[in-house]
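Q: Got a structure here, written out as structure tokens. Questions coming.
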């Protein structure tokens, strides 16, 4: 449980007095200014509670609490001031969304009780958020697994896109939960397209004008579908903006371009196209170069991040002497979760069961085992089994 409290006051003697009183019962950290506090929140957080003095040189307490509310909304905020006028209290409440308002001098028991109440508030709020996010994430994973079983040609690569984005997110200022959800749900708009269009797209055929328009509209359709799910409005907007080019070429009225596009959407567009270019292989610099034939569609800064990651992966692969991708699997019971089909898996009569590039999960493997009780498969089938998944 996070019980850390960041105390901000430009007078060190005030903190020294409070620390002497509460150091045995509370985990206190000190910042001498609003600017220093913001750095510590970003660099050393998370903190459960932020308690700030009002009157400080430079950034005052209300400004600090308001900025902290924007950057770190889960941190509970408390104002401590020697100026108890009504306007200060109202500004702290309205801008800083504070939990408590204390006036100097404050009794030890009052301060301890306020800190304890703020810590309880933080624990309850973060626990509820964690349960909601884990429940929602689990439900979405089940939904995507079902979609992958019914439309493997479209959803087979979603896990690879998500995993590559996760690997990149550590070096970027992105909302990782939103990125994860958008990566999984980004293809949901394909479920509304006619099967013949999806199949033609999968085979790499030349799409007609109307068919191309349908495919181009997939992000917007997906965004509208996802927007119907509670709490996923921001995810829907990321999916919608995946269709936006960084250079703004051919942008419709009101569409963002450049840095106005959410960074998660910019990253997903690049990673999606890279994974598509790689097909059943691990993405490489050669695949990135192919994608960059249309360089204006992508954020140059993110291209540099992806390029650095690919170089790192290629160097690691050489060092580990990773073996070839393909291995022949002679029975469905030998398939593993995470295997990626290197070729179409067909029934004995030639009918397609699951298309190449599909990443297998437990649900798909169980589906194949069930089908095998009624129909024969054309085996062996080649799969890619990554010996060193990221």
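Q: Of all the residues that make up the stretch 53-62, how many are in contact with a helix residue (DSSP H, G or I) (Cβ under 8 Å, 6 or more places away or on another chain) and surrounded by fewer than 17 Cβ atoms within 10 Å (Cβ to Cβ)?
A: 2
Q: If you don't mind, there's one more thing I want to ask. Quick one: count up the residues across the stretch 1-46 that are part of a loop (DSSP other than H, G, I, E, B), in contact with a strand residue (DSSP E or B) (Cβ under 9 Å, 6 or more places away or on another chain) and without any contact (Cβ under 8 Å) to a residue 60 or more places away in the chain.
A: Qualifying residue count for the region: 6.
Q: Inspect all residues belonging to the stretch 74-88 and state whether any of them is out of contact with any strand residue (DSSP E or B) (no Cβ under 6 Å at 6 or more places or on another chain), closer than 22 Å to residue 26 by Cβ, assigned to a helix (DSSP H, G or I) and modelled with pLDDT of 80 or more.
A: No, every residue in the stretch 74-88 fails to be out of contact with any strand residue (DSSP E or B) (no Cβ under 6 Å at 6 or more places or on another chain), closer than 22 Å to residue 26 by Cβ, assigned to a helix (DSSP H, G or I) and modelled with pLDDT of 80 or more.
Q: Any idea which of (1) in contact (Cβ under 8 Å) with a residue 40 or more places away in the chain; (2) under 17 Å from residue 299 (Cα atoms); (3) assigned to a helix (DSSP H, G or I) is the one residue 240 doesn't satisfy?
A: It is condition (1) that residue 240 fails.
Q: Would the stretch 158-166 turn up any residue that is surrounded by fewer than 17 Cβ atoms within 10 Å (Cβ to Cβ) and either within 28 Å of residue 363 (Cα to Cα) or in contact with a helix residue (DSSP H, G or I) (Cβ under 6 Å, 6 or more places away or on another chain) (or both)?
A: yes
Q: Please specify each residue of the stretch 259-283 satisfying the condition of being more than 19 Å from residue 179 (Cβ to Cβ) and either in contact with a strand residue (DSSP E or B) (Cβ under 7 Å, 6 or more places away or on another chain) or assigned to a helix (DSSP H, G or I) (or both).
A: Of everything in the stretch 259-283, those that are more than 19 Å from residue 179 (Cβ to Cβ) and either in contact with a strand residue (DSSP E or B) (Cβ under 7 Å, 6 or more places away or on another chain) or assigned to a helix (DSSP H, G or I) (or both) turn out to be 277, 278, 280.
Q: Here's a follow-up. Just for the stretch 220-248: of the residues that are modelled with pLDDT under 90 and touching a helix residue (DSSP H, G or I) at 6+ places or on another chain (Cβ under 6 Å), which one is farthest from residue 267 (Cα to Cα)?
A: By that ranking, first place goes to 232.
Q: Restricting the stretch 195-211 to residues that are touching a residue at least 12 places away in the same chain (Cβ under 8 Å) and under 19 Å from residue 149 (Cα atoms), which is surrounded by the fewest Cβ atoms within 10 Å (Cβ to Cβ)?
A: Of everything passing the filter in the stretch 195-211, 199 is surrounded by the fewest Cβ atoms within 10 Å (Cβ to Cβ).
Q: Further question: Read through the list (1) at pLDDT below 90; (2) in a helix (DSSP H, G or I); (3) surrounded by fewer than 21 Cβ atoms within 10 Å (Cβ to Cβ), then give the number of the only condition that residue 214 fails.
A: Residue 214 satisfies all of (1) at pLDDT below 90; (2) in a helix (DSSP H, G or I); (3) surrounded by fewer than 21 Cβ atoms within 10 Å (Cβ to Cβ) except (1).
Q: Criterion first (outside any loop (DSSP other than H, G, I, E, B), modelled with pLDDT under 90 and out of contact with any strand residue (DSSP E or B) (no Cβ under 7 Å at 6 or more places or on another chain)) does residue 94 satisfy it?
A: Here the answer is yes, as residue 94 does meet what is asked.
The values are calculated or read from the model by the stated rules, or taken from the named source; none is laboratory data. Nothing here was measured: the structure is a model prediction, and the numbers come from that model. Please note: Cβ atoms are built from the backbone with ideal geometry, for glycine as well, and neighbour counts cover all protein chains shown.
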